[in-house]
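A short worksheet on the structure shown next.
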């Protein structure tokens, strides 16, 4: 079962439980396991790695979450932020922050369903791609376009199936979360298992790639297992 991770910030504990129950019920029907990180006060910092969406009340204990939403937009433009609030005055103020949706608490039962349908579509898309803010512009890369990734000290280089290279001056672990397509075969290399044609004790050989990708001794058993699951045999 695939796991979805959400953040919920809400100072009304009863309403928080109602919201969480609604979200879990919807996504569990779609065979997702849902995990929530909850807050009743505004945190100073949120770790957004691996988070699929945030649900915020706009006012928490007489403070608003506008600055927190701005911080999320600056750091992780791809994470949907859904505001759930009884305050109508903030609707227009949050538009320029590119929030994903605005749900009125008074209409929660009517509006949550529509929001979750849209969110499911968004999540399905992000499970097959990575979106991040790079040098002031939004970059999206489909996992299916990635052949392999060379991880270096403070950056990484994406080699795609079209023979192009993209040098990204960010830490690999800050951008990519664990998934079944990209397999770390070595501390410095990640491959797309779908393009792996054969492996031996030391290297992986990818379709359309002249370079032999090294496999570390530590990762060998893991890589061979993944290869066997995809191809049913190991050459």
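General remarks:
- Rg to Rh, two decimals, where segment 143-231 supplies the alpha carbon set and Rh follows Kirkwood: 0.93
- Relative contact order of the chain: 11 percent, from C-alpha pairs under 8 Å at least 6 residues apart in sequence.
- Gyration tensor verdict on segment 2-127 (Cα atoms; rounded if a/c is under 1.5, prolate if a/b is larger than b/c, oblate otherwise): rounded
- By the count of neighbouring beta-carbon atoms within 10 Å, fewest first, 129, 121 end up ordered 121, 129.
- Crossing angle, helix 66-75 versus the chain [Cα axis fit, 0-90 degrees, rounded to tens]: 10 degrees
- Counting beta carbons within 10 Å around each of 209, 8 and listing the fewest first gives the order 209, 8.
- Alpha-carbon centroid distance for the pair segment 84-125 / segment 1-54, whole angstrom: 14 Å
- Only helical runs count toward this figure. For the chain, summing -39,500 (n - 2.57) over DSSP H runs of n ≥ 4 and dividing by all residues gives -8500 deg cm²/dmol at 222 nm.
- Antiparallel bridge percentage (DSSP; both residues within the chain; nearest 5): 60 percent
- Gyration tensor verdict on the chain (Cα atoms; rounded if a/c is under 1.5, prolate if a/b is larger than b/c, oblate otherwise): prolate
- Against the chain, whose longest principal axis is taken from its Cα atoms, helix 220-231 shows a tilt of about 80°.
- Cβ crowding within 10 Å, taken as a proxy for footprinting-reagent exposure, orders 106, 153, 85, 22 from fewest neighbours to most as 153, 106, 22, 85.
- Using the Cβ-Cβ distance between residue 21 and residue 95 with R0 set to 35 Å, the FRET efficiency from 1/(1 + (r/R0)^6) comes to roughly 0.75.
- Here the relative contact order of segment 1-95, from alpha carbon pairs under 8 Å that lie six or more residues apart, stands at 31 percent.
Only the coordinates and a few stated rules stand behind these numbers; no lab work does. All values derive from a computational prediction rather than experimental measurement. Neighbour counts run over all protein chains shown; Cβ positions are idealised from the backbone, glycine included.
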